[in-house]
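The values are calculated or read from the model by the stated rules, or taken from the named source; none is laboratory data. Quick caveat, the model's predicted, so the values are computed rather than measured. Cβ coordinates were reconstructed from backbone atoms using ideal geometry, including for glycine residues, and neighbour counts include every protein chain displayed. For accessibility, only protein heavy atoms count, side chains too; no ligands or nucleic acids. Shrake-Rupley method; radii C 1.70, N 1.55, O 1.52, S 1.80 Å.
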Protein chains: 4
Amino acid sequence: MTESIGARQAQVERNREALLAAAAAVFVEQGVQAPVRVIADRAGVGIGTVYRHFPSRAELVTAVYRHQLDECASLARRLLEEDVSPAVALTRWVDAFVEFLVTKHGLGVALQSEDPSLLSLRTLMLDKLVPACASLIDAGVAAGQLDPRLTAYALMRAIGNLCILGAHYGRSDAKDMVDRLLIGCRAPQHG
Amino acid sequence: MTESIGARQAQVERNREALLAAAAAVFVEQGVQAPVRVIADRAGVGIGTVYRHFPSRAELVTAVYRHQLDECASLARRLLEEDVSPAVALTRWVDAFVEFLVTKHGLGVALQSEDPSLLSLRTLMLDKLVPACASLIDAGVAAGQLDPRLTAYALMRAIGNLCILGAHYGRSDAKDMVDRLLIGCRAPQHG
Amino acid sequence: MTESIGARQAQVERNREALLAAAAAVFVEQGVQAPVRVIADRAGVGIGTVYRHFPSRAELVTAVYRHQLDECASLARRLLEEDVSPAVALTRWVDAFVEFLVTKHGLGVALQSEDPSLLSLRTLMLDKLVPACASLIDAGVAAGQLDPRLTAYALMRAIGNLCILGAHYGRSDAKDMVDRLLIGCRAPQHG
Amino acid sequence: MTESIGARQAQVERNREALLAAAAAVFVEQGVQAPVRVIADRAGVGIGTVYRHFPSRAELVTAVYRHQLDECASLARRLLEEDVSPAVALTRWVDAFVEFLVTKHGLGVALQSEDPSLLSLRTLMLDKLVPACASLIDAGVAAGQLDPRLTAYALMRAIGNLCILGAHYGRSDAKDMVDRLLIGCRAPQHG
DNA sequence: GATGAATGAGGGTTCATTCAT
DNA sequence: CATGAATGAACCCTCATTCAT
């Protein structure tokens, strides 16, 4: 009996994961505006199940990207502990961030849209990623390698925006432009 | 008689301008996806009048931004004729472009969306702005001031993206980030 | 002065004729449901002129076919005066009627539709064509060549219906079927 | 549990049937072009429910008439197996076909319209009914009772057209005219 | 908890008709 | 009289969300 309860809970969790995976995939293919129905079908569950796990589209979207944001935040912590220069650490983190953004390309759009269904996602980003990015920037500024006027939030928004892909502006263009942006974030040269 | 005909034509033109102004304002407030009905209401006309002037949403969107694109394109020509260094000319043009983008900030979104109703706008941009920007870049590359790998289209897309504003990422942030991007577009230093 | 009034009236009449011709042509090409705007354009007049001449679509449609109905009615009178057998006269008249119907193929539809905008047309047909057809039938019945139970109205409706063309059912099919129908209208054989 | 699921499925099926009945009734009263909204209201469901069951107008229209077409096709098979002369079999089948057409008289119109939303219905008819009718005609021709030039498609189109009812042209008129048409389809008499 | 049928507001677009000039 | 800009009801269809089972 205890087992069957456990089994039921496991099934519940499995549904939740299937939904997150399905939503992530669908967002990549069709954008964040994709119909809820499509996600339910892809996950192999009924549409009611979507709403049981995520009371509104907004919360589904948020949940989908929370995973990725968490991983991205923890990466910053790991990089800071490694034995590399702060500028290199930031570059590597940004590379990873960009890789995320251009792979699951819905995220860039999500960060930019005024859509109220994406508001909670921006809030989440504020909470998770800005501190992570700020810690890297602080280190770089302290080492004299980065422009001290740079703020984590603005940098992340800028990178997020640069990673909104489209016709004739693909993954490599975004990476190239982010690289150029980072060059412009270096500490100004004296003398 | 002639006068009253003229008066009517003037009224028609005023309606058209009112629609363009209303659409521009609504696009800023609600995004380019705003319902046509909202624009009609804002302009104080019936919905049929919108479709009389602009047979489809796509053409309305295009018309809203065409003015700005035209002015931007002609600015590039003027700057090339002035007696400033190519790098300065590009910087000035980009400043003006950014000013446009952040003022009527729907344009950035419009350039990025995959929505078919925005396709004609992207085409318009390609036709009008890319050659203008390319002429400035060419001059800068010829003068050894710009990275020769830079392409006009990618630069414009990047700038357009950087100018998609939002909560806590405003006009001055966008300008700052574009400045940094331009720094990263300079010719690499030898030696 | 009198002349210019006459000239103006002539222009009015010319507009009216142009509208009827345009409507007839458009109805053939696009069906009786064609937008009023299309007819106005084809006639080279403003849409207001259509409504000045024909206060509603219904009256325009009626007017378009009145011409043809008139001609058809007068044909019956002429045939009766010729020196042919009543059966032959009816056959010839039906041939001409069918030719009309399949050429201006909107008419068949118009006769059949429940659309209120076509009500007045059916009324017109009753007034114009039924007497014409009835006179031919009467002669045929009197000569013992036609089934006396045949009514003019039903026969015309039937012929009208048979002449509604469509994919894979063209002009020659309609003619063939009308011929067969007429065979079935002959006086029953005794014996 | 099983019972309540069954009950729900039964309700779904009842909705579907209600929609078909409502559509059939509305088509008779207002024609096949009747707004989907009217059908939804008549069936007592929301408009979304219509589209859930029938993804487009075309599929609703097709579904409404599919039943009748199926029954009509199977009737032809049964008649061929009975011990009656081919001419009698065709007459009986045509009687049944006409009965269908004049009862749900939208079908005649549907077969004739050029509207793309009715294309699938015509296709359906081609697939279902033409072979059925052709088998009867073939038998009649083989028995020397029918004009060998007769084609199933044209005959059915003609009968369909004759069954488009209207003011002063009712069910008995249509039946009478179809009878006369069939007389005209008999094998020509030899000298 | 899971299901998916039902809902209905809302979106883009068309077109008959009116009316000021 | 002629014009054609303006109107807005109506149409088809989509999709987020609810809720009975």
ask   = What average count of beta carbons from other chains do you get within 10 Å of the Cβ of residues in B:168-174?
value = 4
message = Using the Cα centre of the stretch B:65-191 as the reference point, and only Cβ charges (+1 on K/R, -1 on D/E), how large is the resulting charge dipole? Debye, rounded to the nearest 20.
response = 140 debye
Translational diffusion of the stretch D:44-129, µm² s⁻¹ [Kirkwood Rh, Cα pairs; Stokes-Einstein; 10 °C; 1.306 mPa s] = 111 µm²/s
note = The distance between the Cα centres of the stretch C:30-82 and the stretch B:20-56, in whole Å, is 39 Å
key: Local electrostatic count at residue D:22 - Lys and Arg +1, Asp and Glu -1, tallied over other residues with Cβ under 9 Å   = 0
task = Grab the other residues whose beta carbon is less than 11 angstrom from that of residue A:168, score K and R as +1, D and E as -1, and report the net.
result = +1
Separation between Cα centres of the stretch C:154-191 and the stretch B:152-191, rounded to whole Å = 77 Å
ask   = Can you tell which of A:33, A:145, A:11 shows the greatest fluctuation in a Gaussian network model of chain A with Cα springs below 10 Å?
value = A:11
query = Along the stretch B:89-94, what does the Karplus equation 6.51 cos²θ - 1.76 cosθ + 1.60 (θ = phi - 60°) give for ³J(HN,Hα), rounded to whole Hz, x for Gly and Pro?
reply = 4, 4, 4, 5, 5, 4
task = Enumerate the amide H contacts of residue C:186 below 5 Å, restricted to partners 5 or more residues apart or on another chain; note that Pro and chain-start residues carry no placed amide H.
result = C:147
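How many partner chain Cβ atoms sit within 10 Å of a residue's Cβ in peptide B:182-189, on average, as a whole number? It would help to have the intermediate numbers written out before the result.
Details: counts 3, 7, 11, 5, 3, 0, 1, 0.
Across B:182-189, the average partner-chain Cβ count within 10 Å equals 4.
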message = Using alpha carbons only, how many angstrom separate the centre of the stretch B:85-109 from the centre of the stretch B:115-148?
response = 12 Å
key: Cα-based reach from residue B:128 at 25 Å (exclusive), listing lysines while leaving out same-chain residues under 8 positions away   = B:104, B:175
inquiry  = Within the stretch A:51-94, list the residues whose amide N lies under 19 Å from a label point set 7 Å along Cα→Cβ of residue A:120.
reply    = A:51-71
key: Coarse-grained scattering of the stretch A:1-55 at q = 0.16 Å⁻¹, given as base-10 log I(q)/I(0) from a Debye sum over alpha-carbon atoms   = -0.48
remark   = residue D:63 neighbourhood, Cβ < 12 Å, K/R = +1, D/E = -1, net charge 0
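Using just the alpha carbons, could you tell me how many Å³ per residue the convex hull of the protein assembly as shown encloses? Before the final figure, lay out each step's value.
On the way: hull volume 204.8 nm³, N = 764.
Convex hull volume per residue, Cα atoms: 268 Å³.
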key: Longest to shortest principal axis, alpha-carbon extents of chain B, angstrom   = 73, 42, 27
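Rounded to the nearest 100 Å², what's the accessible area chains C and D bury against each other, both chains counted, probe 1.4 Å?
Values: alone 10330 and 10280 Å², together 18270 Å².
Buried surface at the C/D interface: approximately 2300 Å².
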message = Just to check I understand the Karplus step: with θ = phi - 60° and J = 6.51 cos²θ - 1.76 cosθ + 1.60, what whole-Hz values come out for the stretch B:18-33, glycine and proline as x?
response = 4, 5, 4, 5, 4, 5, 4, 5, 5, 4, 5, 7, 10, x, 5, 8
ask   = Ignoring ligands, DNA and RNA, what percent of the accessible area of the stretch B:65-191 is carbon or sulfur (1.4 Å)?
value = 54 percent
ask   = Mind checking the mean number of beta-carbon atoms from other chains within 10 Å of the Cβ atoms in D:146-158?
value = 4
message = At 7 Å along Cα-to-Cβ for each site, give me the label-to-label distance between residue A:81 and residue B:10 in nm.
response = 7.6 nm
request  = Give a residue-ordered list of calculated ³J(HN,Hα) values for the stretch C:57-63 (Karplus: 6.51 cos²θ - 1.76 cosθ + 1.60, θ = phi - 60°; whole Hz; x for Gly, Pro).
outcome  = 3, 3, 6, 5, 4, 4, 4
task = Find the accessible area per residue for the protein assembly as shown; the probe is 1.4 Å, ligands and nucleic acids are left out, and the unit is Å².
result = 48 Å²
message = With an 8 Å Cα cut-off and a minimum separation of 6 or more residues, compute the relative contact order for the stretch B:1-55 in percent.
response = 30 percent
